[in-house]
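K.L.:
Below is the structure I would like to discuss, written out as structure tokens.
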Amino acid sequence: MRALPSVDPVQRPDLPMSSPPSPSAGPHRVAAVSIRLPPPCPHLAAYRSAGSSHPLCSLYQCLRVRPLGRAEVRRGPGEVPRCSSCPSASSPRLYACLACAAVHCPAHATAHARIGHEIAVDVDRAELFCCACGDQIYDRDFDAAVVFAQAAAAPAPARLEPAVSEENVRKRQRVEYRSWYPNRKESAVIWRGSGPIFANDENVSSSAGSRFPWGLRGLNNLGNTCFLNSVLQALLHTPLLQNYFLSDRHNRFVCQQRSRRKKGEGADEQITATLCLSCDLDAMYSAVFSGDSRPYSPAKFLYSWWQHASHLASYEQQDAHDFFITMLDGIHEKEHEQRKLHNEGSGDCCIVHKVFSGILRSDVTCSMCGYTSTTYDPCMDISLNLDYSNDSLKSFSSNSHVCNGESDYFFLTQKYGMSTLLGCLEHFTRPERLGSDQKLFCQHCQVKQESIKQLSIRKLPLVACFHIKRFEHSLQRNMAKKIDRYVQFPFYLDMVPFLSSSILRSRFGNRISSITDGDSDADMELTSEFEIFAVITHSGKLDSGHYTTYLRQNNQWYKCDDSWITLVSENAVRASQAYMLFYVQKILH
């Protein structure tokens, strides 16, 4: 992008790079570095010198602001600009000449510049463009006018910064992950009391002579409890939860003693108080990582979960996602009760919220006045609708290696179609127009109006869980059914396009918006790369299906089918019918 010749960062004190080195600086002062700016656009300088003192004054009157906040150039509210040379053709970009106001597409704008009309403006983005140089150009006065128009178009309540309390600032701070390392005394104790642990071949099926990673252990099916086993396998191998429980951050013996010391309760209340999902999960971590290769029976954990979620207490098949949410809620409630009882509440959230909790941003914009109402909601996972766009189907032919060696699933994919995880996330963050039957109350209009709603991710969790909505209710048949549609998912995921900062940037074009979203883009984008480590799949029908889990350990994939652990290939994982996907931030794995 070219700049004006008058913009000098050395002589402009209002620019970030303008401050000269202080002569009173200490001996460690860094030497000044010469900054090489791009060559200025001579055509813009000639246009400004040939015009009046305010050559862009007429352009300011044509600035319009869309309901979502993006600036555009229109002579009238209902104008639909078209290329004057090819009005029937459609072009993604149109440029209006500043000299004669003629509108041209990029192909004809270059020819129009030969008559001396080089400077134009992008009518849809309100950005200056030099047709002779073929590049965007920057004018400080014009950019300030655009930002002022955007601020003036926004209602007054939207421009007010809410009062930020000290508690809210502390809650918005990102949780710093710290690995535990034993000191010299602890290392000596560990060295004296430990030895090499390998899995035996009694309950695992693998190639001859292979060794499984430490902690891979089957879970017995207690009667239609494959939903429980599949989720527990994913949680037992979540890196951050492993670090928390294996480092004795939650000691089940201390927790039970604290529960029994509660005063003024009967024997039945004491028994109920000792039921703690965190304690049962701590006992399960100790058993799974003890080196015993025999299948483990999570009966005590199942009983504790039944006490917490009594409406799901039965030996019928349950939904794995429902179990995941209710289990996290049970752990959170118990830890919150313990902190409140023993006055340990410093305000910090429990371990499950530190690991899985993120923040979603919801923007609802009134279609009449443009008022935008923004809300922030915490989330433990993201439920995604399947994407049925044609682009997802086309990607199958270019990525046919995904199902290589899985010919049976190839035909199922051809029958039911294919979606992608990226397509589902794009559909999740896509603007949605709420019709007349979904009108919402507008605080600016003081009546219910049609609006546009858009979701984005304000804060990424340390471990992201994506839930694919495979079950839907048919109103015609008054029954639920399963969607057997293949979902292609990447092993490495970049979440930058779905962040609130990226969504806001797309609204305002290439211009830095004056309405910020809190944390800096650089901090968010540094933690936006994720790596997959667990996949929960569902096979069969809605009422007679089966859950299994694929775990990634030491760059190898293992299938956990209740009490059986099997080494599988990447193609088998890619060809599976994913129901829940677990990703961890790449810097933590």
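K.L.:
Of everything in the stretch 131-142 that's outside any loop (DSSP other than H, G, I, E, B) and touching a Lys or Arg at 6+ places or on another chain (Cβ under 7 Å), which residue is least open to solvent (accessible area, probe 1.4 Å)?
P.N.:
Filtering the stretch 131-142 for residues that are outside any loop (DSSP other than H, G, I, E, B) and touching a Lys or Arg at 6+ places or on another chain (Cβ under 7 Å), the one least open to solvent (accessible area, probe 1.4 Å) comes out as I137.
K.L.:
Same structure, new question: Enumerate the pairs (first residue in the stretch 416-435 and more than 19 Å from I503 (Cα to Cα) and touching a residue at least 60 places away in the same chain (Cβ under 8 Å); second residue anywhere and among the aromatic types (F, W, Y) and open to solvent by 80 Å² or more (accessible area, probe 1.4 Å)) with beta-carbon separation below 9 Å, excluding pairs fewer than 6 apart on the same chain, so at least 6 apart or on different chains.
P.N.:
G417/Y388; S419/Y388
K.L.:
Looking at G405, G417, G370, can you tell me which residue is at pLDDT below 90, on the phi > 0 side of the Ramachandran plot, open to solvent by 30 Å² or more (accessible area, probe 1.4 Å) and of a type outside the set (S, T, Y)?
P.N.:
That would be G405, the only listed residue that is at pLDDT below 90, on the phi > 0 side of the Ramachandran plot, open to solvent by 30 Å² or more (accessible area, probe 1.4 Å) and of a type outside the set (S, T, Y).
K.L.:
Which residues, taken from the stretch 439-476, are in contact with a Gly (Cβ under 8 Å, 6 or more places away or on another chain) and within 30 Å of R66 (Cβ to Cβ)?
P.N.:
E450, I457, R458, K459, L460
K.L.:
Look through the stretch 421-444, keep the residues that are more than 30 Å from M495 (Cβ to Cβ) and either in contact with a Lys or Arg (Cβ under 7 Å, 6 or more places away or on another chain) or among the hydrophobic types (A, V, I, L, M, F, W, C) (or both), and return whichever of them is most open to solvent (accessible area, probe 1.4 Å).
P.N.:
Filtering first and then ranking leaves F441.
K.L.:
How many residues does the stretch 73-97 contain that are open to solvent by 30 Å² or more (accessible area, probe 1.4 Å) and at pLDDT 75 or above?
P.N.:
Matching residues across the stretch 73-97 total 8.
K.L.:
Given R125, R114, which one is assigned to a helix (DSSP H, G or I) and either over 18 Å from S49 (Cα atoms) or modelled with pLDDT of 85 or more (or both)?
P.N.:
R114
K.L.:
Then there is this: If you scan the stretch 445-498, which residues turn out to be of a type in the set (A, V, I, L, M, F, W, C), open to solvent by less than 70 Å² (accessible area, probe 1.4 Å) and part of a strand (DSSP E or B)?
P.N.:
I452, L455, I457, V463, A464, C465, F466, I468, F471, A480, V487, L493, listed by residue number.
K.L.:
Please identify the pairs in which a residue from the stretch 539-553 that is free of Cβ contacts under 8 Å to residues at least 60 places away in the same chain and closer than 11 Å to Y579 by Cα has its Cβ atom under 6 Å from the Cβ atom of a residue that is open to solvent by 20 Å² or more (accessible area, probe 1.4 Å) and assigned to a strand (DSSP E or B), counting only partners at least 6 apart or on another chain.
P.N.:
S539/H546
K.L.:
Now for a separate question. When only residues in the stretch 250-273 that are open to solvent by 30 Å² or more (accessible area, probe 1.4 Å) and of a type in the set (S, T, N, Q) count, which is modelled with the highest pLDDT?
P.N.:
So the residue we want is N251.
K.L.:
If we scan the stretch 539-553, do we find a residue that is open to solvent by 60 Å² or more (accessible area, probe 1.4 Å), modelled with pLDDT under 95 and either in contact with a Cys (Cβ under 9 Å, 6 or more places away or on another chain) or over 30 Å from S297 (Cβ atoms) (or both)?
P.N.:
No, there is no match, as no residue in the stretch 539-553 is open to solvent by 60 Å² or more (accessible area, probe 1.4 Å), modelled with pLDDT under 95 and either in contact with a Cys (Cβ under 9 Å, 6 or more places away or on another chain) or over 30 Å from S297 (Cβ atoms) (or both).
K.L.:
Then there is this: For the stretch 308-330, which residues satisfy the criterion of being at pLDDT 85 or above and in a helix (DSSP H, G or I)?
P.N.:
Residues satisfying the conditions are A320, H321, D322, F323, F324, I325, T326, M327, L328, D329, G330.
K.L.:
Would you confirm, using the coordinates I've provided, whether Q150 is at pLDDT 80 or above, of a type in the set (S, T, N, Q) and not in a loop (DSSP other than H, G, I, E, B)?
P.N.:
no
The values are calculated or read from the model by the stated rules, or taken from the named source; none is laboratory data. Given the structure is predicted, the values throughout are model-derived calculations rather than measurements. Cβ atoms come from the backbone with ideal geometry, glycine included; neighbour counts cover every protein chain shown. Protein only, heavy atoms only, side chains kept; ligands, DNA and RNA dropped before computing areas. Shrake-Rupley method; radii C 1.70, N 1.55, O 1.52, S 1.80 Å.
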